[in-house]
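Read through the structure below, which is laid out as structure tokens, and then see the notes.
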Amino acid sequence: MVKSVLSAVLPAEMLYEIRRRRRHQCNGPSADTFLVNHAARKDVTRFPVEEGIYVEVFWKALPAATGPAFSLFAYDEEVLRLDCGGPGKGHFHASFLTKQHTWQNRNQFFENTRETQIQRAVFELQNNIGYYLERHPWKKIREIELAEGPWKVLCSEAGLHANKFLLTVPELIFAEKSENKQKDNATLDRGRV
């Protein structure tokens, strides 16, 4: 009851700040604590951008999405996460200046394969990162300006790392084969009609 009243009355920036402070009180500000609370993230590799800003690449196998993922962190806040989960499951979450939690801001990828979703994720990071940063609820994050050349190189390296998961992680190889088999069966069924 109190939460819904606060959501209706308080501006989005203030709601975000209350949530952020509460999260840091409960969990501590460290991204390492964040990882402990998100144990589904496997083989996490951190790509440092500058002090307090980094991209993490990892993979996960969940019902919502099985595949590689990217997270942009700034000052211990997850600003953007791109989940390359395969057909119908690839999506991303962004922190926008709205009253919704980040996990509620889910946008589906148009791309249908993990490979093309990774390409889309790298494109979004390289070309549209300013859009996501400028719309973040925390002013400190909205003021971030990334050096374009080094940022694009870092994103390309992160994309190569994500693609490597598709070739080396058994869970992802199995998921890909399973989806291809389903596609083949659907094609055969259409041919029988």
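For segment 69-172, the Kirkwood estimate of hydrodynamic radius, built from reciprocal distances between every pair of different alpha carbons, is 14.2 Å.
Our summary gives segment 45-86 a relative contact order of 32 percent, counting only alpha carbon pairs under 8 angstrom and 6 or more residues apart. Database remark: amide H of F109 closer than 5 angstrom to the amide H of G90, H91, F92 (H placed geometrically; neighbours at sequence offset of 5 or more, or on other chains; Pro and chain starts carry no H).
Values quoted throughout were computed directly from the atomic coordinates according to the rules given, and no laboratory measurement underlies them. All values derive from a computational prediction rather than experimental measurement.
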